[in-house]
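Enquirer: I have a structure I would like to understand better, so I am pasting it below and will then ask my questions one at a time.
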Amino acid sequence: LVHAAGNDGASIEKNHLYPSKHAAGDKDLKNWIAVGSIGMSGAPARSSNYGKTEVDLFAPGDGVYSTVPGNKYRSLRGTSMAAPVVTGVVAMIWNYFPELSAGEVKQAILKGVTCRKGEKVTKPGLSGKPVEIDFGKLCTTGGVLNALGAVMVAEEIYMKKSK
């Protein structure tokens, strides 16, 4: 399941949103991917939720041209635009490697990110003074979706399985 992390510009470490990977009660859903949003500059979107243990990665979610009611198109933003970008990469991986399990595809997505740990960025937030934070503290991978990286990891997993 690929899930939009939400657009409150807040940490969801303590105040979990529903649905979440914790939806199964005392057992976390293991194939859950929570996605934050980055803007066109590569900076985390001010409105994106974040969390070192709750958000898995960030993906482009600003200026995404999408369908809207009335048979029209519009440029939209937010984690609801970033999550489908990740979903598209999941679909692409499964198209090339249908033998992979959901867990293996998740592993490929998360291991294939462009790591930005150590990079100082403006912490998401809709109010208050801007605060600098290490990108690695915003999500579990400390990275941004990388389609090529994910496909390369998926290929490695596939090759090991097929031996």
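The values are calculated or read from the model by the stated rules, or taken from the named source; none is laboratory data. Everything numeric in this text was worked out from a predicted model, so none of it was measured. Every residue, glycine as well, gets a Cβ built from its backbone with ideal geometry; the counts of neighbours run over all protein chains shown. Protein only, heavy atoms only, side chains kept; ligands, DNA and RNA dropped before computing areas. Shrake-Rupley method; radii C 1.70, N 1.55, O 1.52, S 1.80 Å.
Enquirer: Filter the range 13-52 for residues that are in a strand (DSSP E or B) and open to solvent by less than 20 Å² (accessible area, probe 1.4 Å) and give the result.
Expert: Matches in the range 13-52: 33, 34, 35, 36, 37, 38, 44.
Enquirer: With a cut-off of at least 2 residues that are open to solvent by 60 Å² or more (accessible area, probe 1.4 Å), name the strands (runs of 3 or more DSSP E) lying wholly within the range 58-157. Walk me through it before giving the result.
Expert: On the way: elements: 62-68, 72-77, 120-122, 132-134.
Passing ranges, in order: 62-68, 72-77, 120-122.
Enquirer: Does any residue in the range 1-12 that is more than 16 Å from residue 53 (Cα to Cα) and without any contact (Cβ under 8 Å) to a residue 24 or more places away in the chain come within less than 6 Å, Cβ to Cβ, of a residue that is open to solvent by less than 40 Å² (accessible area, probe 1.4 Å) and hydroxyl-bearing (Ser, Thr, Tyr) six or more places away or on a different chain, and which pairs are these?
Expert: none
Enquirer: Still on this model: Residue check: is residue 55 part of a strand (DSSP E or B), touching a Leu at 6+ places or on another chain (Cβ under 8 Å), touching a residue at least 24 places away in the same chain (Cβ under 8 Å) and not small (Gly, Ala, Ser)? Can you show your working first?
Expert: On the way: part of a strand (DSSP E or B): no; touching a Leu at 6+ places or on another chain (Cβ under 8 Å): yes; touching a residue at least 24 places away in the same chain (Cβ under 8 Å): yes; not small (Gly, Ala, Ser): yes.
No, not satisfied.
Enquirer: Okay, next question. Would you pick out the residues in the range 31-90 that are acidic (Asp, Glu) and either under 11 Å from the mean Cα position of the chain (by Cα) or within 23 Å of residue 15 (Cα to Cα) (or both)?
Expert: 54, 56 - these are the residues of the range 31-90 that are acidic (Asp, Glu) and either under 11 Å from the mean Cα position of the chain (by Cα) or within 23 Å of residue 15 (Cα to Cα) (or both).
Enquirer: Can you find, within the range 70-126, the residue that is nearest to residue 7 (Cα to Cα) among those that are of a type in the set (S, T, N, Q) and in contact with a strand residue (DSSP E or B) (Cβ under 9 Å, 6 or more places away or on another chain)?
Expert: By that ranking, first place goes to 79.
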